[in-house]
1. Determine the alpha carbon to alpha carbon distance for each of B:LYS213/B:LYS582; B:LYS490/B:LYS798; A:LYS278/A:LYS416; A:LYS278/A:LYS405 and list only those over 29 Å.
2. Compute the convex hull volume of the Cα atoms of chain B, divide it by the residue count, and report the result per residue in Å³ as a whole number.
3. For B:THR3 paired with A:TRP227, estimate the spin-label separation in nm (one decimal), with each label point 7 Å from Cα along the Cα-to-Cβ line.
4. At a Förster distance of 30 Å, what's the computed FRET efficiency of A:LYS405 paired with B:LYS80, Cβ-Cβ distance as r, to 0.05?
5. What do you get when you divide the Cα radius of gyration of the stretch B:361-525 by 2.2 N^0.38 Å, with N the number of residues?
6. Relative contact order of the stretch A:1-158: what whole-number percent is it, with Cα pairs under 8 angstrom and at least 6 residues apart?
7. Can you compute the radius of gyration and Dmax for the stretch B:312-439, using only the Cα atoms, both in Å?
8. Check which residues have an amide H placed less than 5 Å from A:SER51's amide H, if you skip close sequence neighbours.
Amino acid sequence: METPLTQNIGPGKAPPNLAQYQANGGYEGLRNALNVSPEAAMDVVKESNLSGRGGAGFPTGLKWSFVPSGENSPTPKYLVANGDEMEPGTFKDRLLVEGDPHQLIEGMIISAYAIGASVGFIFLRCEYVLAAERCEKAIAECLENNLLGKDILGSGFDFELYVHGSAGRYICGEETALINSLEGRRANPRAKPPFPQVSGLWGKPTVVNNVETLCNVPHILRNGAEWYQNLGIGADSGTKLYGASGRVKTPGTWELPLGVPVRDLIEKHGGGMQDGYKMKGFLPGGGSTDFLTGEHLDLPMNYESIGKAGSRMGTGQLIIMDDQVCPVGMVLNLIQFFAQESCGWCTPCRDGLPQIQHLLEKLERGEGSWEELETLAEFPRFLGPGNTFCALAPGAVEPLQSALKYFKDDFDNHIKQKCCPYG
Amino acid sequence: MPTIVIDGEPYDVDGDKNLLETCLQLDKDLPYFCWHPAMGSVGSCRQCAVTQYQDENDERGRMVMSCMTPITDGMIVSLKDEATQEFRDSCIETVMTNHPHDCPVCEEGGECHLQDMTNMSGHTQRVYQGPKRTHRNQDLGPFINHEMNRCIACYRCVRYYQDYVGDTDLQAQGSGAKVFFGRHKDGALESEFSGNLVEVCPTGVFTDKTFSKHFVRKWDLQSAPSVCMHCAIGCNTSPGERNGTLRRIVNRYNGDVNGYFLCDRGRFGYDFVNDQRRLAEPLVQQGDSLDSTDRDDALAQYANLSADCEVIGIGSPRASLEANFALQQLVGEDNFYSGLASSEQALHQTSLTVLESTSALIASLRQVEQADAVLVLGEDILNTAPRLALAVKQATKNLGLNMAADARIPSWQAAAVKNLAQNQRSPLFMLTPAATRMDSIAQSCHNDVPANLARLGMAIANAIDGGAPGVNDLDDQEKELVAVIAETLKGASKPLVISGSGCFDVAVVQAAANISRALAAENDKAAIHLVLPEVNSLGLAMLCSKKPEADLNAAMKRTVDQVNGQAAVVVLENDLYRRAGKGLVDDFFDAAQSVVVIDSFHNDTTARAQLALPAATFAESEGTMVSSEARAQRYFAVHNTEGYVASSWKWLAELNKSVSWTHLDQLTAACANSSPLLAGITLAAPDREFRLNDQKVARQSHRYSGRGSATAHISVNETRVAQDDESALAFSMEGRQSNLPPALQPGIWSPGWNSNEAINKFQDEIGGHLKGGDPGIRLLDKATAGTQSGWFDSIPQKSMPGSQGYRLVPLHHIFGSEEFSSGSNAIAQRSPKPYAALCAADASALEVDQQGWLKVELNSGQWTLSVAVDDSLPRGVLGLPSGLTGLGGLQGAAYGGSASISKTQSPVIASDQTSGGGE
Ligand SMILES: Cc1cc2nc3c(=O)[nH]c(=O)nc-3n(C[C@H](O)[C@H](O)[C@H](O)COP(=O)(O)O)c2cc1C
Ligand code: SF4
Ligand code: SF4
Ligand code: SF4
Ligand code: FES
């Protein structure tokens, strides 16, 4: 099984420096890209079927193709690596940036070349201080070796790259809020259209890609689209960083072919549930995805089948809820996070989430009522897709909405017993 | 024209608008908060949701925010669909969870968009029982209150303040449900336009602090259509009165003039009307004092004082056309003088000549906003004509709008337009004596003394059109500036030149005229706007245009030289000590046999009167004013006069035995007949005979509390309401409330729309003209070819400041430089203390710093003033604030000249100020 993304990463292993990275095939993808036209480089990525790893799984090549090109198109163009990664239960981008910063940088140079960007930013979660340090160091090495800056490797292509630390908001991961934040404005999302590819950072064409997405690009350019397609299972292309947290025996993050069954993640890689605990449900892709349960264990972990099951693959990082965790308490914990992280721009999210939190708190304390439970159940629709300005709110209510579907008894018991049954 | 279907009905609609605007324009009620007609859409409040269907077969539809949805031909939508109705209801319910529900004590109540939208969306039952978030409120200065707990986080305030106006000291802070709208710390808001927050905010967070001081419920206010008295722009206002006290001013929409916004001087400057210094009764000199008397005695006194002598009339740019005309008729044309010093008279007459014969458009504020390149020559518009400055700020956004159009982003997509344009702006050039707060949005700025600015202006005209006189001895830097400005204006599709009398320099106005003429030769969209200082400066100039030499100095000279001791002088609403040096005015009054003053206030001039007649202010009288765009506008009494107070025109009509003017309309007509220039003024508003279905127009809303109830604990006797014989308006709640001609509309109200947001119902399109036409009538516009002027060809000498003493330049202050508003407490709190400004190099040469004091000596007097270092001033230039009460005796006339200054000690006693009022 090939694991291109993590080939240089391992427990206790320092990130490769430029020489070490190059010794393992690093920057070969870049050289291949620079040997062909930007369009041809973009075509390879299109053909590879690489899809965005930021959560929505949007085809990366297609996203790039919306960037206006040609003589009269606006300049400069920007490329941003989204390393905000504040999704609860998710730590895959951190692994990639800390473990192999050159891989991200190479991916960014190639991507920038394909879309004609001349300036790039690595936008990192504010706590990712080590990642930022390692990026800075790698960028310095690149600058010394003509891999960044003017006329990269004699190709005539110029690209500057900067590291930017977030001020620490979940919403900064939303690509348009990220752009506002980079501009020094409040991190409120922007309306689309216009899409960032047309009018993004400082009003210029901008592509925002997830860190993991970009890390795939060097390997695609090095080994070809077909090779990449074959890495995945079935129709899926490439590998994916999957992870599991909760009471499994060996929680962690692993690079696996896209489309592995959920069961493998929990039982094989996660080592199964800890003794004395049973799996009750799991959030497949971070704190903003719907619960799935035991009946979904044999689904392939890909965007399509998890979506069909009523959830989202999101970041692919499972959060496992066992039978000794109160679902109401777990949902409350997540809602607290999202209510705090709401950017405050639109009404349903800003003022709806605190209400949900209030109702859940009462319920969890055993002070809830049937009427309140009914009110609570109306919120997921009120904060649903299209009703709010961005996708934070619909994501925030996904655990609640699915918990009410799968674990309704637990909610009821809080009212009946006038306390949390889990103690 | 696209056709769309709303709830089954097809409509032909304007494709440039968004769906919310379209629905409102079709007179549909759809709730909204964050959208604002002047600021476009951002989609944050989610209140305007509607259902859109893919086609006829789509039965479920999809919810969209109407304010963020462009019109497409054939689109099918529903406002009544249950799902979105329910959503709109939930949205209100959600936004109200933190709202204090304090309507009974909230000053917004009754005129509250949140109340209206809550009713409209059907939310009645509060379910949430949890705690509410609370905020600490801030002291934002003398103008507005801050009660953040009422906030619904619609972001209108910060979008208005930052994006529309361009100021930065009001910010959204924090995030989530705790988001806070305020300053980084307590303190007065810096913007000159902060007062509009009161109307922009849909809730009671920002309310009018001056109104709070004498608050009454808004439905208990009596209102009338009025015009702002505080500069020559002529913004339309709706003042509100109760029990004889003027309580507040709000904006009255005029699609050509002020649109949705006023400046803070206009909104908060009204309180002078309620001032202790009002003249309440006629005063007659008895020995050394002025004693009150009654009307009949006053009239008899006048007959005595004016018997067997020449009567000289002194007019005023702050009095109506009718009052000035009545005075002119009383004393005869030969004895009527404008009341302006010669230098200002010359300025105003030059401006009038330019406007009369211009080949360029005379720009209304709407046209100003459409300009794509603006040159401001000499005028500190932010302080002399503030609302004009706000319009210029909008003009600089046209580049962004054009960029957006190219990128197919609709103009109402406010955030997207802003993000695309970033800091790119349409060109604005600021050539002014000192730096202004507009400079940050200008492409380039240049500070110099007026004569040198005029030279630059002349050179710009010459660079655009070689036929215009040229200027030879410019330095290289000036040449480059001239070339850039000329190129830019020439290349623009709607270039605009703004200048005015603020520099007190005729050459500056002439230079602006040359530029506009040069531009207009090639471009029929080229425009000019000349700022004048006072509300009726242009009207007075028109009235005096047949005898421009008849100014205040001529009146003084004639009285002293020729008719010494033989003349009665009648001064109309004019404190002559603000117009000319104290010595001159004293001599004038000494030489007069008697002085009769008609004014609303005690001032230095009334102190010299043998007879003072108490005049109504704008709030209790009616008349016509001509704004700087030559728009004649009628204002109407908000409430009746009390006691012996009467409109100036009424006093003058009574004094005049040879006419029988019983109504303003007769005077207006006579004034219109007196000069072709003024012929149009009768059309400014419907006359007193006007009726709608035999009814007058009610000044009071139908919700006005019963007349008796306010005093019912004392007496239930109901007195007859005051009668208004001068207009088609009634001091009553009885009468027409709807379908009014815009010029007679006292305030804005529509069923279900109790706040100013109701304006949507009165426009021909959102943000457009009022149905029935914007009030006022233009007296001048682009002149016909034969009557257009030639070039002004006198080019001033290059001025070398510092060569003979310090060159004086005027520095204007929105708060403090204007006479009426300085008499209002809130404005007075914001006005600066008198000071002398000079650049750092000059300050250090004089060995003074910001804490130091200077003795300033002029021909007209001397002052001890604190130092203000302003490094935008060139060396050898001294800036003195214009019009401040503490600088009495310093008039416009002084500004052409020079001063000698020296370091001095801090003054210990006020009498150090040898001249004028003092503080
Ligand atoms: C509330 C919110 C938070 C998000 N946080 C992240 C994040 O931390 N990292 C990320 O890559 N994408 C995040 N996204 C998704 C981004 O908006 C965007 O879709 C993504 O960066 C695109 O990258 P991709 O095309 O490579 O997947 C977030 C979206 C939302 C609505
Ligand atoms: S849903 Fe609305 S309030 Fe919530 S984060 Fe997005 S834009 Fe902000
Ligand atoms: S203060 Fe007023 S305008 Fe500002 S966000 Fe709150 S409700 Fe809206
Ligand atoms: S700009 Fe002039 S007319 Fe308009 S509100 Fe201000 S002071 Fe009044
Ligand atoms: S008015 Fe449309 S979202 Fe606020």
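The values are calculated or read from the model by the stated rules, or taken from the named source; none is laboratory data. On a predicted model such as this, the values are computed, not experimentally measured, just so you know. Cβ coordinates were reconstructed from backbone atoms using ideal geometry, including for glycine residues, and neighbour counts include every protein chain displayed. Ligands, DNA and RNA are excluded from the accessible area calculation, which covers all protein heavy atoms including side chains. Shrake-Rupley method; radii C 1.70, N 1.55, O 1.52, S 1.80 Å.
1. On the way: B:LYS213/B:LYS582 37 Å; B:LYS490/B:LYS798 26 Å; A:LYS278/A:LYS416 24 Å; A:LYS278/A:LYS405 19 Å.
Over 29 Å Cα-Cα: B:LYS213/B:LYS582.
2. Taking only Cα atoms, chain B has a hull volume of 181 Å³ per residue.
3. With each label placed 7 Å out from Cα toward Cβ, I get 6.0 nm.
4. 0.45
5. Taking the Cα Rg and dividing by 2.2 N^0.38 Å, one obtains 1.02.
6. On the way: 180 pairs, mean separation 42.8, N = 158.
The normalised contact order for the stretch A:1-158 reaches 27 percent.
7. In order Rg, Dmax, the Cα atoms of the stretch B:312-439 give 20.6, 65 Å.
8. Long-range HN contacts for A:SER51: A:THR60.
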